[in-house]
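> Sharing a structure, written as C-alpha cells. Questions coming.
The values are calculated or read from the model by the stated rules, or taken from the named source; none is laboratory data. Owing to the predicted nature of the structure, the values given are computational and were not obtained by experimental measurement. Here the Cβ positions follow ideal geometry from the backbone for every residue, glycine too, while neighbour counts run over all protein chains shown. What goes into the accessible areas is simple: the full protein's heavy atoms, side chains included, and nothing from ligands, DNA or RNA. Shrake-Rupley method; radii C 1.70, N 1.55, O 1.52, S 1.80 Å.
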Amino acid sequence: MSVAFVKEESAEAASETLLPDRPISPHPNLVTEAGLKALELQLQQAREAYDAASTIEDVNERRRQAANPLRDLRYFAARVRTAQVIPDPISFGTVAFGSTVTFSRDDGRVQTYRVVGEDEADPKAGSISFVSPVARTLIGKTVGDVVGVGGQELEVIAIS
C-alpha cells in the first residue's frame, strides 16, 4: 500500500513534533514583579497558540504546529511555578537585584543596566540577568567602587 493512503506520520514529521524541552536554569528563579507578569503573559500566549494548533484536523500538521507551543507551555509553566518575586530595592546604597546601576568602563563607555531575572534580561533594552558576570560582580558594590570584569575595570557611578 502506498504511504499516501496511510495516516502514519513519517520519521521526518515525528522528529518535528518531539522537541526537546527548553533548558531550565539551575539558578533560583528570581524575578521582578514586571518579570512575573511577563512570564504569565508568555504562558498565556503559549496556551493560546497550543489551543489554536489543537484545532487543526490533519494529525501530522496538528502535531507539527503544536510542538513549539507545547514546549513553551512546559517551560513557562515551570518558570511561573518557581518564580520568586523580589520587591524593588528601597535603598540605593548598594547594587542589588532590581537596582539600576550606571558604571563607566576603562575604555570611556558609560552604561546603565537594571539587574533582573534571567527570563526578563535584555541587554539591548537596558537589563541584565543577576547571574551575568557583570551583575554578579556589581551586586553589593557602592558608588565609587571599581571592579574587574573580563579584563576591564568598571567604576560604579550611580545606583537607583
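> Heavy atoms only, probe 1.4 Å: what % of the accessible area of the chain goes to carbon and sulfur, would you let me know? Could you put the intermediate results ahead of the total?
Details: 5160 of 9560 Å².
Of the solvent-accessible surface of the chain, carbon and sulfur hold 54 percent.
> Could you state the accessible area per residue of the chain in Å², with a 1.4 Å probe and every protein chain left in place?
Working: 9560 Å² over 160 residues.
With the other protein chains kept in place, the chain gives 60 Å² per residue.
> Still on this structure, I have one more. What translational diffusion coefficient, to the nearest whole µm²/s, does region 17-67 have by Stokes-Einstein, given a Kirkwood radius computed over alpha-carbon pairs, a temperature of 4 °C and 1.567 mPa s viscosity? Could you put the intermediate results ahead of the total?
On the way: Rh = 13.0 Å.
Answer from the Stokes-Einstein relation: 100 µm²/s.
> Suppose every K and R has +1 on its Cβ and every D and E has -1 on its Cβ; what is the size of the dipole of the chain about the Cα centre, in Debye to the nearest 20?
Numbers: 17 positive and 23 negative charges, 58 e Å.
With Lys and Arg at +1 and Asp and Glu at -1, about 280 debye.
> Same structure again: Measure nothing but the geometry: give the 0 to 90° angle between the long axis through the Cα atoms of 59-82 and the longest principal axis through the Cα atoms of the chain, rounded to 10°.
Relative to the chain, helix 59-82 is tipped by roughly 30 degrees.
> Given R₀ = 41 Å, what would the calculated FRET efficiency be for Ser104 paired with Val59, taking r from the Cβ atoms and rounding to 0.05?
Numbers: r = 59 Å, r/R0 = 1.43.
Step by step, r from the Cβ atoms, then E = 0.10.
> With springs connecting C-alpha atoms under 10 Å apart, model the chain as a Gaussian network and identify which of Glu61, Glu120, Glu33 has the largest mean-square fluctuation.
Judging by the Gaussian network model, the answer is Glu61.
> Another question, then. Run the 1.4 Å probe and let me know the accessible area of Thr137, rounded to the nearest 10 Å².
40
> Determine the gain in length on full extension of the stretch Lys37-Asp122; use 0.36 nm per residue of separation and subtract their C-alpha separation, reporting nm with one decimal. Don't skip to the answer; put the middle values down first.
Working: separation 85, 0.36 × 85 = 30.60 nm, distance 1.57 nm.
Fully extending the segment from Lys37 to Asp122 adds 29.0 nm.
> Right, another one. What three numbers, in Å, describe the spread of the alpha carbons of region 100-160 along their principal axes, ordered from the longest?
29, 21, 17
> Oh, and also: In nm, to one decimal, how far is the modelled label at Ser25 from the one at Asp88, with both set 7 Å along Cα→Cβ?
2.1
> Measure nothing but the geometry: give the 0 to 90° angle between the long axis through the Cα atoms of 33-53 and the longest principal axis through the Cα atoms of the chain, rounded to 10°.
Helix 33-53 sits roughly 10 degrees off the main axis of the chain.
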